[in-house]
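The block underneath contains the structure these notes are about, expressed in structure tokens.
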Amino acid sequence: MQVNTQELIERFAKVFPGDSPRCVARAPGRVNLIGEHVDYNDGFVLPIAMSQALYVVAGPADDGHVTVNTTAFSESVRFPANDPGPPGSPMWGNYIRGVARMLLNRNVRIKPARLLIHSDVPVGGGVSSSAALEVGTAMALLTLAGQRLDPIPLALLARQAEHEYAHSPCGIMDQFICVLGKKDHALLLDCRSQEYEQLPLRFPETVLAVMNTQVKHEIGGSEYPVRQRQCQEGLAILKAGHPHIASLRDVTSEHLDTCEKRMDVVAFSRCRHVVTEIRRTQQAADALRLHDATQFGQLMTESHVSLRDDYAVSCPELDALVDLATGVPGCYGARMTGGGFGGCAIALIHRSAEQPLRDAITKEYDTRFKKPAIVYVTVPADGAFVHSL
Ligand code: GLA
């Protein structure tokens, strides 16, 4: 799945005859190993940047506009360089307009430009193609303007674009891993302090399998703010009983127990997921430090059970993939990754288990759901970067 930058440059020349590209930005998708639905609760997350990425080939224009084409969609997006306008259609254009607006708000003088976007990151696959689009676009526009932003302000700007232009109230995980990813490392990110640690992902003889359900996680869009609200409802009751609590990060299982009777049963389960998931993520980081794949895998599977039963963000296809994977000898653990309701599951497996896992999925999943799950192996890659041509 290696993308040939030279081919993209040639493609740019065909799409925009007479214009020359000046830079190519590469922004990866992400796989979260553990720490799901906790970033907006001040928790810890442990994602990796994937080897699959989105590319933005960019060159200057002299017509006062930013014109964006993609290799995936036939429509293009075009707006005056000094006014990206409000969110509208097509949906993918909103990430670009949003980023342009946030850059202008920071007094970046966006130059008229031609952008060609190509992505290896499956769209709607729960591996954050949107953060890759935001970050890749921002880097390309900044480079054409002769400016740069440090990784964290860049990630925060990209997330702001997603909030305001895609109306998705996401946490900070996706944009942070997109800019901070490091080859062969996972990122332990404290979403409260924004401090982070790059931990080497060193489980000898293991690989990380990504299993795409081929179910687009669209419903997740509407359920996501509902989960946030349920967490806030639970938090309000916990705070009433324990005034020092600022967020679910400060909550222990004992606090939960003392407040259970006063809490709505749904809010209680949502909070229990968050509290236990934050703890699991810290334990998983320790397992990573000790190269203990068995412990890490077990925590992954426990995370899935919690997301399925307490947080209710899984779906039959994700559950089936996790059950299939954990039934294959040599699988240490498996879970859904990302927002849920479709998208991808991941499994930590001994490398000898790759073919048996593929066979089991073809036999069981593809027959049961009448569509093939796409399985591939990924390794932690570097975060986004841009190179000038
Ligand atoms: C989506 C959001 C992230 C995070 C995950 C769930 O990917 O964009 O901020 O909340 O869901 O962990």
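Things worth noting here:
- Residue count for region 169-192 satisfying the condition of being among the small types (Gly, Ala, Ser) and either within 23 Å of VAL108 (Cβ to Cβ) or more than 10 Å from the ligand (Cβ to nearest atom) (or both): 2.
Quick grid of which residues meet (1) of a type in the set (Asp, Glu); (2) at pLDDT 95 or above:
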site: ALA166; (1), (2): no, no
site: HIS185; (1), (2): no, yes
site: ASP190; (1), (2): yes, yes
site: TYR196; (1), (2): no, yes
site: ARG202; (1), (2): no, no
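- Filtering region 217-257 to residues that are more than 17 Å from VAL38 (Cβ to Cβ), charged (D, E, K, R), within 16 Å of the ligand (Cβ to nearest atom) and in a helix (DSSP H, G or I) leaves nothing.
- Annotation: of all residues in region 206-222 being at pLDDT below 95 and of a type outside the set (S, T, N, Q), the one that is surrounded by the most Cβ atoms within 10 Å (Cβ to Cβ) is HIS217.
- SER130 within 12 Å of the ligand (Cβ to nearest atom), assigned to a loop (DSSP other than H, G, I, E, B) and not acidic (Asp, Glu): no
- Just so you know, in region 133-168 the residues that are closer than 25 Å to ASP62 by Cβ and not in a helix (DSSP H, G or I) include one that is farthest from the ligand (Cβ to nearest atom), and it is GLY146.
- For region 175-182, the criterion of a residue being more than 17 Å from the chain's Cα centre (by Cα), among the aromatic types (Phe, Trp, Tyr) and outside any strand (DSSP E or B) is satisfied by no position.
- Residue satisfying condition, being over 30 Å from SER314 (Cα atoms), surrounded by fewer than 21 Cβ atoms within 10 Å (Cβ to Cβ), away from the ligand (no atom under 16 Å from the Cβ) and of a type in the set (A, V, I, L, M), within set ALA61, ALA25, ALA100: ALA61
- Condition check for ASN105 on (1) closer than 26 Å to GLU195 by Cα; (2) under 17 Å from the mean Cα position of the chain (by Cα): one failure, at (2).
- Here is the figure for region 281-312: residues that are within 20 Å of ASP323 (Cα to Cα) and not hydroxyl-bearing (Ser, Thr, Tyr) total 15.
- Residue within region 30-43 that is touching a residue at least 24 places away in the same chain (Cβ under 8 Å), among the polar types (S, T, N, Q) and either in a helix (DSSP H, G or I) or closer than 21 Å to ALA166 by Cα (or both) present: yes
- Filter result (over 26 Å from GLY171 (Cβ atoms) and touching a strand residue (DSSP E or B) at 6+ places or on another chain (Cβ under 6 Å)) within region 326-341: THR326, GLY330, CYS331, TYR332
The values are calculated or read from the model by the stated rules, or taken from the named source; none is laboratory data. If you're wondering where the values come from, they're calculated on a predicted model, not measured in any experiment. With ideal geometry, Cβ positions are generated from the backbone for all residues, glycine too; neighbour counts draw on all protein chains shown.
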